Amino acid sequence: MGGWKDGTWRTVTFLLAITLSHVPSFRLSAQDTPANDGALFLVFPVGAYTVGMGQTGATLEGRGEAAFWNPAGIATLERGEFLVHTAILAAGRTTAVGAYFPSTRIGVLGAAVYLVDYGDLEATDSSGAPVARVSPRNVAFLASYATTIPGGIVMGVNYKLVEFRVDCTGDCRGFPNGSGTSHALDIGGQIAIGEAHALRIGFALRNVGFRLQVENEAQADPLPARFVVGATYRVPLRPWSDGAGSGRFDLQVAADVQSSWGEDGRADTRVGFDLGYEQLLRLRGGYAFVHDGLSGPSIGMGIRSGSLGVDLARLFVAGSDLVSTGPTFFSFRLVF
């Protein structure tokens, strides 16, 4: 609890303020809380592959992780996949579990659940004495579908059921309704261009939906809708020797530009690269030029052997209430 008593993390206090700020017997401080977005956890980065590449996810393909960035990317899955992503951010632990099933007839179907656990917080009365313990959580359930259409274009959509809840133990008399639910959609597309589809362009409109209402309509907040466009270019490389296997080494470079949907403001830019030998060993790096305090470099690596794959990434961000300094992202994939 010590970290929570001293750290008034912007995201947690914003979520709690929706429910607790108007109740005199509960005092939770909030500083610099965002006033225009609800369910900010929907913009937390998910997946070590994408984080390692500077959070460039608009053109992600060939893995279920794409559902969290651009659902069109899961249309490129050739085999089924089960995945687990986890990270510990300043706001709390994030965990995502999902499964995706390609079909030659109808496309790719899948689902995932994404949980942000903010830990236990102590609520106090007007004199500062502890009276209760509250446990805020955010959950998103994703149902995904993607398919290929003529012309080498892939399209995808996510339906999201978004929930915020606060469980209370102790003296919870007068505690207001501690849950809220909303619905949202992600829509995206990608197209591969050129010889061997070396250039890939993608776009996605994310988190478009109803306001998140916890207590009443006056307290409802819009979801953090984002529009992103990006491109990835793959460059085949010569092997370390002149033997067989030419072209099995490659370099991918990517860039995304993202902005808030329906709002004026500066766009965020992200760049990254992925270098390696097929899927056996990959090394990654990137940089996110973001205006909300999440700017910074990242590094990562990935290993795959047979049906099993593991990805790790480290995000070097300082001065943010959303992400702790140097969080590590871990992803596990089972292809079947």
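The values are calculated or read from the model by the stated rules, or taken from the named source; none is laboratory data. Quick caveat: nothing in here was measured; it's all calculated off a predicted structure. Because the Cβ atoms are built from the backbone with ideal geometry, glycine has one as well, and the counts that use them run over all protein chains shown.
Details
- Residue in the range 96-130 that is farthest from residue 47 (Cα to Cα), counting only those that are crowded, with 18+ Cβ neighbours inside 10 Å and touching an Asp or Glu at 6+ places or on another chain (Cβ under 7 Å): 102
- Filtered residue count, the range 114-136, keeping only those that are charged (D, E, K, R) and either in contact with a His (Cβ under 7 Å, 6 or more places away or on another chain) or closer than 16 Å to residue 89 by Cα (or both): 2
- For the condition surrounded by 24 or more Cβ atoms within 10 Å (Cβ to Cβ), in contact with a helix residue (DSSP H, G or I) (Cβ under 6 Å, 6 or more places away or on another chain), among the acidic types (Asp, Glu) and modelled with pLDDT of 95 or more, residue 61 does not qualify.
- Test: residue in the range 76-95 that is on the phi > 0 side of the Ramachandran plot and either surrounded by fewer than 17 Cβ atoms within 10 Å (Cβ to Cβ) or assigned to a strand (DSSP E or B) (or both): no
- Of all residues in the range 158-186, those being surrounded by fewer than 18 Cβ atoms within 10 Å (Cβ to Cβ) and under 19 Å from residue 101 (Cα atoms) number 1.
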